[in-house]
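Here the structure is laid out as structure tokens; the discussion comes afterwards.
None of the figures in this text is laboratory data; all of them are computed from the coordinates on show. Because the structure is predicted, anything quoted here is derived from the model rather than measured. Cβ: placed from backbone, ideal geometry, glycine included. Neighbour counts: every protein chain shown.
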């Protein structure tokens, strides 16, 4: 099975412009709200119509602006799952599961499909109940069973866990394992959670402002991000503009420092990133060692997040800004450091007001050019 998408759709303040292919795999779409992830799926499903381009699923043309092809959602045989599950309240569980099966399928075959999917998702004995009589987890399993029963050409899941608390999310995520194991084809999975995408997706597409910035494996995104959007979405707390100073050296104007890099610096470099837990405490001056002050601290269960200000930074002149802009400027001038509280010895946890030395390992930085 395969998917080919190359479409554009313009709005007054936003343009969707995406091109990608997928095979028998789970392809994740990772990005902030409003970046175009869900809109892409809606275009594939036929809920939205692109201005131009082409969509092909398993060699069937769903949409082709040049050839004036635009199949109805009913003819596209896609399965799109939203967080709300969208079950029919007036239908039983069995009727909901069978709702997507084509009418031409004989009754006996239809019933057998429904029984198979109810069993697959542990819903035996629930067939005569209504959605209002089910828990949230049971409703989700009914929605997943309905997706598979319809024998769709492509599965699409649009942030199915976005409104759930962490415990319930962890339980319900296991339902997806059954779905993914049972389906042989292309699955598109929309998320804004990097860990969720890493758990479920074979590849991840980073989406920003209606465009795909990069596509790769989860390991690629975490360890070798290729764009500023990828750096940020991979969970990297420190991302700052960079200017090339030499083959292995950059200037970081917002931090007011220069830094050495193990990797060669491209001529068109735009940003440097370094993860908060890669920073190292240093004993004094040295390569990529900086004198800093602890300006803020905040604790979670196992980590202390420390906001570090560079004491010897080169100050750039800047225009007067608003209070909100001033706060953002303040944060952008600081370095986030994450300290493992379980590994820190007595008196080793940094406290507000402390002055110390910190090292940015040259081999742990990311350099991106877009």
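Just subtract the alpha-carbon distance of residue 202 and residue 311 from 0.36 nm times their residue separation and send over the number in nm, one decimal.
34.9 nm
Quote the relative contact order of the chain in percent (integer), defining contacts as alpha-carbon pairs under 8 Å separated by 6+ residues.
About 16 percent, as a whole number.
Subtract the Cα-Cα distance of residue 47 and residue 328 from 0.36 nm times their separation in residues, and report this length gain in nm to one decimal.
97.3 nm
On a C-alpha basis, how far is the centre of region 336-365 from the centre of region 175-206 in Å? Whole number, if you could?
35
Once the Cα atoms of helix 107-120 and of the chain are each reduced to a long axis, what angle between those two axes, in degrees from 0 to 90 to the nearest 10, is obtained?
Compared with the principal axis, the helix lies near 30 degrees.
Which of 214, 159, 280 moves most in a GNM of the chain, Cα contacts under 10 Å?
Comparing 214, 159, 280 in the GNM, the peak value goes to 280.
For a Förster distance of 35 Å, can you work out the FRET efficiency between the beta-carbons of residue 25 and residue 369, rounded to the nearest 0.05?
After rounding, the FRET efficiency stands at 0.80.
Which one, 208, 95, 352, has the greatest fluctuation when you compute a Gaussian network model over the chain with C-alpha springs under 10 angstrom?
Of 208, 95, 352, the Gaussian network model singles out 352 as fluctuating most.
What is the spin-label model distance, in nm, from residue 119 to residue 289 if the labels are put 7 Å beyond Cα along the C-beta direction?
6.8
Specify the angular offset, from 0 to 90 degrees and rounded to the nearest 10, of the alpha carbon long axis of helix 136-149 from the longest principal axis of the alpha carbons in the chain.
Compared with the principal axis, the helix lies near 60 degrees.
May I ask you to order 181-187, 108-114, 38-44, 342-348 by the average number of other C-beta atoms within 10 Å around their residues, highest value first?
Ranked by mean Cβ neighbours within 10 Å, highest first: 38-44, 181-187, 108-114, 342-348.
Determine the calculated [θ] at 222 nm for the chain from helices alone, applying -39500 (n - 2.57) to every DSSP H run no shorter than 4 residues and normalising by the residue count; nearest 500 deg cm²/dmol.
After summing the helix terms and dividing by the residues of the chain, the value is -7000 deg cm²/dmol.
Hey, fewest Cβ within 10 Å first, where do 35, 289, 351 land in order?
Taking fewest neighbouring Cβ atoms as first place, the list is 351, 289, 35.
Relative to the first principal axis of the alpha-carbon coordinates of the chain, what is the inclination of helix 166-182, with its axis defined by its Cα atoms, in degrees from 0 to 90 and to the nearest 10?
Tilt of helix 166-182: around 50 degrees.
Can you give the alpha-carbon Rg of the chain over 2.2 N^0.38 Å, where N counts its residues?
Scaled against compact globular proteins, the figure is 1.20.
With labels modelled as points extended 7 Å from the Cα through the Cβ direction, what inter-label distance (nm, one decimal) is found for residue 173 paired with residue 59?
With each label point 7 Å from Cα toward Cβ, the separation is 3.8 nm.
Run the quick spin-label model on residue 268 and residue 151: label points 7 Å from Cα toward the beta carbon, then report their separation in nm to one decimal.
Output for this residue pair reads 4.8 nm.
Work out, step by step, the length gained on full extension between residue 281 and residue 181: first 0.36 nm times the residue separation, then minus their alpha carbon distance; give nm to one decimal.
Difference between extended and current length: 31.5 nm.
What ranking, highest mean first, results for peptides 224-230, 305-311, 142-148 when packing means the other Cβ atoms within 10 Å averaged over each residue?
Result, highest mean first: 142-148, 224-230, 305-311.
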